[in-house]
Amino acid sequence: FVKVGAGTVTFSGDATTANTYTGLTTVTGGELDLNKTGGTNSNSLATGGSIEVGNGATLKWLQNEQIGNSANVTVDSGGTANLNGHTETLGTFTNNGVFQTGGATGIGGTLIGKTASIYWNAGSTNTVNPGGSVTDNHIEITGPSTNTVQGIGATSATSGGFIQLNTGGTGLIFN
């Protein structure tokens with residue numbers, strides 16, 4: 001699936017109908033919203049395949065757990081990935097553009113790396129909003145980039161944002 005041009009396309013549906021599409025989804029313009037309801041089973045996935053977000057494009061979550069746990073998400077320079085306060089578990093997350101956990105409210109959002117790594121590459125902007133988190137056993141930050149983990153501040157969040165390293169990987173690497 002390739003999303004081109006301005007405007008918004010939404011992947012949606014209910015948890016009773018499985019989405020069997022596992023191919024690469026590419027967003028080259030506008031916004032792709034992930035809004036399939038239902039929880040964490042295979043029927044609740046907006047897509048089981050990997051996603052690439054191009055320059056000037058946005059990938060935005062409207063529900064939790066929209067992508068397959070072994071899928072990869074790559075955000076190119078000029079692209080945006082916005083968890084919008086939701087939770088996502090996936091394989092590898094590579095950001096060369098803009099990533100934020102909290103969305104419009106600036107609160108919450110959790111990115112969980114499942115099978116590989118989280119990469120915040122040179123030139124990227126990464127924000128873990130209050131109440132949000134990024135968790136994996138390998139997180140690599142390559143500079144220069146702008147990386148912010150926000151405290152509670154004036155928000156209604158009950159905790160500050162955080163980065164958590166799990167056991168079994170190569171840890172936190174700064175290059």
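The values are calculated or read from the model by the stated rules, or taken from the named source; none is laboratory data. Since the model is a prediction, treat every value here as computed from it, not as a measurement. Cβ: placed from backbone, ideal geometry, glycine included. Neighbour counts: every protein chain shown. Protein only, heavy atoms only, side chains kept; ligands, DNA and RNA dropped before computing areas. Shrake-Rupley method; radii C 1.70, N 1.55, O 1.52, S 1.80 Å.
K3 passes every criterion in (1) surrounded by 19 or more Cβ atoms within 10 Å (Cβ to Cβ); (2) charged (D, E, K, R); (3) at pLDDT below 95 apart from (3).
Of the listed requirements (1) open to solvent by 40 Å² or more (accessible area, probe 1.4 Å); (2) in a strand (DSSP E or B), T89 misses just one: (1).
Exactly one of (1) closer than 19 Å to K114 by Cβ; (2) modelled with pLDDT of 95 or more is unmet by G49. Its number? Only one criterion in (1) closer than 19 Å to K114 by Cβ; (2) modelled with pLDDT of 95 or more is unmet by G49, namely (2). Within region 118-126, is there a residue that is in a strand (DSSP E or B), surrounded by fewer than 19 Cβ atoms within 10 Å (Cβ to Cβ) and polar (S, T, N, Q)? Scanning region 118-126, I find at least one residue that is in a strand (DSSP E or B), surrounded by fewer than 19 Cβ atoms within 10 Å (Cβ to Cβ) and polar (S, T, N, Q), so the answer is yes. T135 meets the conditions (1) at negative phi; (2) within 10 Å of the chain's Cα centre (by Cα) in every case but one. The failed one is (2). Of all residue pairs spaced 6 or more apart or on separate chains, those with beta-carbon atoms under 6 Å, a first member in region 96-107 that is outside any loop (DSSP other than H, G, I, E, B) and a second member that is surrounded by fewer than 19 Cβ atoms within 10 Å (Cβ to Cβ) are V98/T125.
Every residue, every condition in (1) in contact with a helix residue (DSSP H, G or I) (Cβ under 8 Å, 6 or more places away or on another chain); (2) of a type outside the set (D, E, K, R); (3) modelled with pLDDT under 95, yes or no:
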site: G7; (1), (2), (3): no, yes, no
site: K36; (1), (2), (3): yes, no, yes
site: N55; (1), (2), (3): no, yes, no
site: A71; (1), (2), (3): no, yes, yes
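Just one of the listed residues (G143, G160) is within 21 Å of V73 (Cα to Cα) and either in contact with a Cys (Cβ under 9 Å, 6 or more places away or on another chain) or part of a loop (DSSP other than H, G, I, E, B) (or both), and it is G143.
Would it be correct to say that T105 is open to solvent by 10 Å² or more (accessible area, probe 1.4 Å) and within 11 Å of the chain's Cα centre (by Cα)? The answer is no for T105.
Can you tell me which residue is modelled with the highest pLDDT among those in region 11-30 that are open to solvent by 40 Å² or more (accessible area, probe 1.4 Å) and under 14 Å from I51 (Cα atoms)? Applying the filter and picking the extreme gives T28. Applying a threshold of 9 Å to beta carbon distances and a minimum spacing of six or more residues, or different chains, the list of pairs starting in region 112-136 at a residue that is farther than 20 Å from G85 by Cβ and ending at one that is among the aliphatic types (A, V, I, L, M) and open to solvent by 30 Å² or more (accessible area, probe 1.4 Å) reads S124/V98. Checked against (1) more than 18 Å from T28 (Cβ to Cβ); (2) modelled with pLDDT of 95 or more, K60 meets all criteria but (1). Would you check which residues across region 128-163 are among the polar types (S, T, N, Q) and at pLDDT below 85 and list them? Listed by number, the residues that qualify are Q150, T155, S156, T158, S159.
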